[in-house]
Structures are given as structure tokens and as C-alpha cells.
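Here's the structure we're looking at; comments come further down.
The values are calculated or read from the model by the stated rules, or taken from the named source; none is laboratory data. Predicted, not measured: the structure shown is a model, and the values here were computed from it. Note that we place each Cβ from the backbone using ideal geometry, even for glycine, and neighbour counts take in every protein chain shown. What goes into the accessible areas is simple: the full protein's heavy atoms, side chains included, and nothing from ligands, DNA or RNA. Shrake-Rupley method; radii C 1.70, N 1.55, O 1.52, S 1.80 Å.
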Amino acid sequence: MDIHHIDTARGNATLIVAPDGTSILVDCGASAESFETSSPTRPNTTKRAGQWVAEYLKANGVSTLDYCVATHVHPDHVGDVTADSPWNADRSYRLTGISDVDAVVPIRRFVDRCAAFPRVAPSEYAPPDMPFAKNWRAFLASKQREGRVIEAPAVGLDEQIRLGQSAAGFPAFSLRFIGANGYVWDRDHNRVRYVFAEGRSDQDRGVRPDENALSMAFRLEYGNFSYYSGGDLICDTRGGKYPWLDTETPVARATGKVDVAVANHHAYFDACGEGFTRNLDAQAYVAFSWDVGHPDPAPLQRLLNGWPGEKIKDVFLTGTQPCAELVSRRFMKLVKSKQGHVVVRVDKNGDKFRIFVIDSGYATSNIISYRSDYFRVNISASDRI
């Protein structure tokens, strides 16, 4: 099983290819942020980020995607819209991010954070009233008219994304949505909690959770290997005033220990808190980074476990800005990589894995610029879910 963290310098994009060939795309951002604060599109600006991701998929033998998981509705996860964004054929939506991918590599099934809107708690997690969000909804509506499947995440269940019959003979595979929209799976009681309702006072009723706090998060297991990804979940409580806004910590607690984890919110200042690193305790972290604020020194220190006398964790960054390196210079010397596609390859038995960094500066590159040490899984039976 391969997990590709694709470096476009414009947002998150992860391709998971299961042993039977089942393919899952997790996000595909296309941020329109200025190059003054964000890196230019990689490998170059001749194509949009979604087009480059589509090229990467095809280069890795993926001509159709079985699933697309959109963790939340932000430009660096689903695609931004500008005056230059081209229209699709019937001008019902613009091509950007995930819609750019679908134009080249069709997606059969979508899991969307907002798919249940407005039937469930509309005031809590309506999509942002912004052009990029409206474009995303228009794109999904168009796909639904074509007969594609659009569904909301089934928090707590591990049967929503499944492999085909050809997976017989391989180790067990499961992908469980641990949290979404403020709902978090309670692994101890096998139920779903609505964390925004816990400890919330009447004076807090007008406070709306940030879109990042609504992100979908999942735990993937393949044999003895485990993996976490949670979009842009944050632990920010606005100076401790609203503790219930911290969705990152309860999700990490429910997820438990994993081997590899994606850093929440690009290891930005409001994410990857103590509860995140303590509960996941991953051997390796991957951070999608390309902005002047990615990563922030404090989250980076927590990911690295970078305190005197402690065993340093492996951290892989998909990219860095020179100024970000200066701000985090104390810890930058400890990271395993600062640029490139980060690929996790799990062996067929699901009990060993390696991590490769591939040069993302070329349109058709398969050059391995760094290979990690050999990893052996050390998850105990009690950590499995």
C-alpha cells in the first residue's frame, strides 16, 4: 500500500493506493495566495495545482479514482476560484483543485463534509459563504446529476470506504472516520459525541466553530500499520475562552497511537497541540507546508519531540519558505526533509514500511532524493480499533 503526499505548494493532496488498486484522493488544494507569502506552484506554474496532481496520478497508474475525501471547504483543500479559473463545459462551475483532477481522472464517489447540510445542524456547519465554497457545491451538484455518489462522513463506522473483492488474501484494511463537523467517535463507549455541545454556555451560542475545526479526520489500518489524517483540525480555544472549540484533542484521543500521521493544519500555530502528539505518538509525521507560517516553531517542536534527552521523531515537510526556516531554525536541522513528495510504502504484510521523498521540482520525476531508515511497527494490540 502506498500513501503519496503530493507537493504542489498550493495545498494538501494525498493519494492512497491500496494493494488491490483501490484509489483514494484526500483533498486537492489550489490556493490563490500571493507568492509573496506562499511558494509558487510546483513543479512549475505552467499548470494549475489540480492539473499537476492529475498528472501525478496518471504517472502512478491511476486513471480513475474510486473515492475522494474532502476534509473541509477551504481553498487549499478543495480549490480556490479567481477570475482566471476556467469554466467547465456547461459553465456550471470552475476548474480548480479537485474539479481540475476530476476533469482528467474521473472520481466515482465523494465523501464531503457538507453533504448532510442543511438537514443536520445547519447553523453549526454550513459551508462558508465564499466564492470557492459556492463553486465546490456547484461542482458536487453537477457530479450528482451525472450519477456520481456524494455522501456525508459516517463518523465512527469503518465500512464507508472499502476495498474490492480483489483484496482477498491481503491483510485487513479499514478506514474509520473519527471526527467531522464537531462529531467525534467515542472509542470507549462506541458512540458519537457532539463536542461543540459539551461545556458550552448560553453566552457561547453565537460563537461559530471555524471551518478548520469542522474538518474530517480518519484512522486507516492495513495489517499492523496505522495512519492518521485530519485536514486542518485545530486546538485553538481563543485564549482558553471557548474550550469546546478544540476538536483536535478529542479526535486524537479517539484515534490513539499510529505509525504515521499528517500534521493538522500544516503544523500552524493553532494546531498539533500537546494532546495531538501525546495521543498519536507517531513514529513519523508529514506536514503539508508552503507558507511563511508553515511550520510554526512550537508545533514543530512537539512533532519532533524536540526536548533535551528525548528521542527525536521523524518529521517530513513537503516544502519550506526561507523565512519560515529562519523562524524555526532551532528545529529545522532535525527534520528529515524540507521539500518534495513524501511517499509511505507499506509492505504486503502490513507490518513494515519505508518513507521516501521524491523530488517535486520536475514535471516527470521519479528521483528519490531521500530514503528513510527502515521502520518496524510497534503498535500494541490494545491500540488497535
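Here are some notes:
- Ligands, DNA and RNA are left out, and with a 1.4 angstrom probe the accessible area of the stretch 1-58 is 30 Å² per residue.
- Hz values of 3J(HN,Hα) by residue in the stretch 100-113 - Karplus curve (6.51, -1.76, 1.60), Gly and Pro given as x: 5, 4, 4, 5, 10, 10, x, 9, 7, 9, 10, 10, 10, 4
- Around the amide H of F269, modelled in the peptide plane, lie the amide H atoms of D296, all under 5 Å away and 5 or more residues distant in sequence or on another chain.
- The label point for R137 and the one for V207, both projected 7 Å from the Cα toward the Cβ, are 2.6 nm apart.
- Dividing the C-alpha radius of gyration of the stretch 156-238 by 2.2 N^0.38 Å, with N its residue count, gives 1.36.
- For q = 0.14 Å⁻¹, Debye-computed log10 I/I(0) when each Cα of the stretch 47-104 counts as one equal scatterer: -0.38
- Counted charge near K313, where neighbours are those whose Cβ lies closer than 11 Å (Asp, Glu -1; Lys, Arg +1): 0
- For the chain, fraction of C-alpha pairs farther apart than 31 Å, in %: 30
- Contact order normalised by residue count of the chain, Cα under 8 Å, 6+ apart, percent: 14
- Using C-alpha pairs under 8 Å with a sequence gap of at least 6, the mean separation divided by the residue count of the stretch 1-136 gives a relative contact order of 24 percent.
- Accessible area per residue, Å², the stretch 196-255 with all protein chains present, probe 1.4 Å: 33
- Length-normalised contact order of the stretch 221-326 in % [C-alpha pairs under 8 Å, at least 6 apart]: 24
- For the peptides 264-273, 131-140, residues were scored by their other Cβ atoms within 10 Å and the scores averaged per peptide; the highest-first order is 264-273, 131-140.
- With helices as the sole contributors, the chain gives -5000 deg cm²/dmol at 222 nm; each DSSP H run of n ≥ 4 counts as -39500 (n - 2.57), and the sum is divided by every residue.
- Taking the DSSP beta bridges with both ends in the chain, the antiparallel portion is around 70 percent.
- Under Karplus coefficients 6.51, -1.76 and 1.60, residue-wise ³J(HN,Hα) of the stretch 280-290 in Hz, glycine/proline x: 6, 6, 6, 6, 9, 10, 10, 10, 6, 9, 6
- For the stretch 1-43, the residues whose backbone nitrogen is under 15 Å from a point 7 Å from the Cα of A168, taken along Cα to Cβ, are 20.
- Candidates G223, P153, S337 compared by Cα position along the dipole of the chain: farthest toward the positive end lies G223, with charges placed on Cβ.
- Exceedance of the 26 Å cut-off in Cα-Cα distance is limited, within the set K47/K352; K47/K143; K257/K352; K58/K348, to K47/K352.
- Equivalent ellipsoid semi-axes, the stretch 286-329, via Cα gyration tensor eigenvalues times 5, rooted, Å: 19, 11, 7
- Simple rule: put +1 on each Lys or Arg Cβ and -1 on each Asp or Glu Cβ in the chain, find the dipole, and look at G293, Q144, F196; the Cα lying farthest toward the positive end is Q144.
- With every protein chain in place, the stretch 145-271: carbon and sulfur % of accessible area (1.4 Å): 46
- Evaluating 6.51 cos²θ - 1.76 cosθ + 1.60 at θ = phi - 60° for every residue in the stretch 58-74, the Karplus couplings come out as 4, 5, 9, x, 9, 9, 9, 9, 6, 9, 10, 10, 9, 5, 6, 9, 10 Hz, glycine and proline recorded as x.
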